[in-house]
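Each reported figure results from applying straightforward, stated rules to the coordinates on display, with no laboratory input. The structure displayed is predicted, hence computed values, not measured ones. Counting neighbours? That spans all protein chains shown, and the Cβs are built from the backbone with ideal geometry, glycine included.
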Amino acid sequence: MTVPLCMRCHTGPAGVHHNKELDIRIKQLAQIEFEKNFSFEEFMRVFGKNYR
């Protein structure tokens, strides 16, 4: 899965590389979207970590 981010949101001072809360929130939203089409078990098999 990919999440399109501008350079500022990716590596800027408030971006995901410097903001753990934002990083986790994006991963949570990605998991929610993944699970709309696939199971939780499939998410765990592919990504190996539960973000919810």
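Brief remarks follow.
- Residue in segment 13-33 that is farther than 16 Å from MET1 by Cα and in contact with a Lys or Arg (Cβ under 7 Å, 6 or more places away or on another chain) present: yes
- Residue list for segment 15-45, restricted to those being part of a loop (DSSP other than H, G, I, E, B) and surrounded by 11 or more Cβ atoms within 10 Å (Cβ to Cβ): GLY15, VAL16, HIS17, HIS18, ASN19, GLU35, PHE38
- Some residue of segment 1-14 being among the charged types (D, E, K, R), in a helix (DSSP H, G or I), surrounded by 12 or more Cβ atoms within 10 Å (Cβ to Cβ) and out of contact with any helix residue (DSSP H, G or I) (no Cβ under 9 Å at 6 or more places or on another chain): no
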